[in-house]
Amino acid sequence: TEWASQEGHAILVLGGYRSFGPNGFASTPLADVLRVEFTGEGDPDQADEPFTMSLTAAGQVHPIFQIQNDRVQNKVLWDQAAQLAGCSLVKRAKPGATVLATNPITSVDDKPAVVVAVQNFGQGKSMVVTTDTTWRWSRVARLKGQGDLLYARFWSQSVRWLTGRGLDDEQAPLMVTTDRPGYADGEAVGVRVVSRDSAANAAQGL
């Protein structure tokens, strides 16, 4: 917890069958850092029904979810996003945390289940995403012959927010890409890492 509270440090945690259940993060020091309260013993800790994520009022204006400058058009894009395959359930966001997105078809204590929540933690930042199937924003779009703009923007802007970089800041110092958009179990993954300085020099013929 001391590390997470220092300036420039950030914690991002994804949901999953073993993330927020009785033997998950609740029994670790991360429970203090994560900005959600866990469900009690015997309570459901997973919702398996597919759902389309719903942005809260705070989520609609948060930099993580900005795709279009027009707020109405931006909301339409997220409303039309591919469904996510369930999510982990948490009791609620902790006081001071901001819920950016919810599961509109699943309730916990009569409120839509939390999907994305963020908060400053000391001088650091903490982010919880209670689903691990955001890859569907990329895979489903590609199967339809569309680009994976939502997936790419969500994760790049999440990292920018967590690291304190604005959306208009200059390009990150490293670019990391894979040789294919998807892989079968056991297949080798080709990863390419290019530094911004070397890419700029190559473009100038240096």
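If GLN119 passes every condition in (1) free of Cβ contacts under 8 Å to residues at least 60 places away in the same chain; (2) out of contact with any Phe, Trp or Tyr (no Cβ under 6 Å at 6 or more places or on another chain) but one, which one does it miss?
Unmet condition: (1).
Considering only helices (runs of 4 or more DSSP H) fully contained in segment 1-116, which possess at least 3 residues that are free of Cβ contacts under 8 Å to residues at least 12 places away in the same chain and open to solvent by 70 Å² or more (accessible area, probe 1.4 Å)?
The qualifying helices (runs of 4 or more DSSP H) are 71-79.
Mind listing just one residue for me: the one in segment 140-173 that is farther than 27 Å from SER195 by Cα and either modelled with pLDDT of 90 or more or assigned to a helix (DSSP H, G or I) (or both) and, of those, most open to solvent (accessible area, probe 1.4 Å)? Before the answer, list the steps.
Going residue by residue through segment 140-173, those that are farther than 27 Å from SER195 by Cα are 140-146.
Next, from what is left, pick out any that are either modelled with pLDDT of 90 or more or assigned to a helix (DSSP H, G or I) (or both): 140-143.
On the way: VAL140: 34, ALA141: 12, ARG142: 114, LEU143: 140 Å².
Taking the candidates together, the pick is LEU143.
Pick from ALA199, ALA188, ALA203: which is modelled with pLDDT under 80 and either open to solvent by 80 Å² or more (accessible area, probe 1.4 Å) or touching a helix residue (DSSP H, G or I) at 6+ places or on another chain (Cβ under 7 Å) (or both)?
Numbers: ALA199 fails: either open to solvent by 80 Å² or more (accessible area, probe 1.4 Å) or touching a helix residue (DSSP H, G or I) at 6+ places or on another chain (Cβ under 7 Å) (or both); ALA188 fails: modelled with pLDDT under 80.
Among ALA199, ALA188, ALA203, only ALA203 is modelled with pLDDT under 80 and either open to solvent by 80 Å² or more (accessible area, probe 1.4 Å) or touching a helix residue (DSSP H, G or I) at 6+ places or on another chain (Cβ under 7 Å) (or both).
Taking segment 43-66 on its own, how many of its residues are in contact with a Lys or Arg (Cβ under 9 Å, 6 or more places away or on another chain) and within 21 Å of LEU12 (Cα to Cα)?
Selection size over segment 43-66: 7.
The values are calculated or read from the model by the stated rules, or taken from the named source; none is laboratory data. Because the structure is a prediction, the values reported are computed rather than measured. Using ideal geometry, Cβ is built from the backbone for each residue, glycine included, and neighbour counts are taken over all protein chains shown. Note: accessible area is taken over every heavy atom of the protein model, side chains too, but ligands, DNA and RNA are not part of it. Shrake-Rupley method; radii C 1.70, N 1.55, O 1.52, S 1.80 Å.
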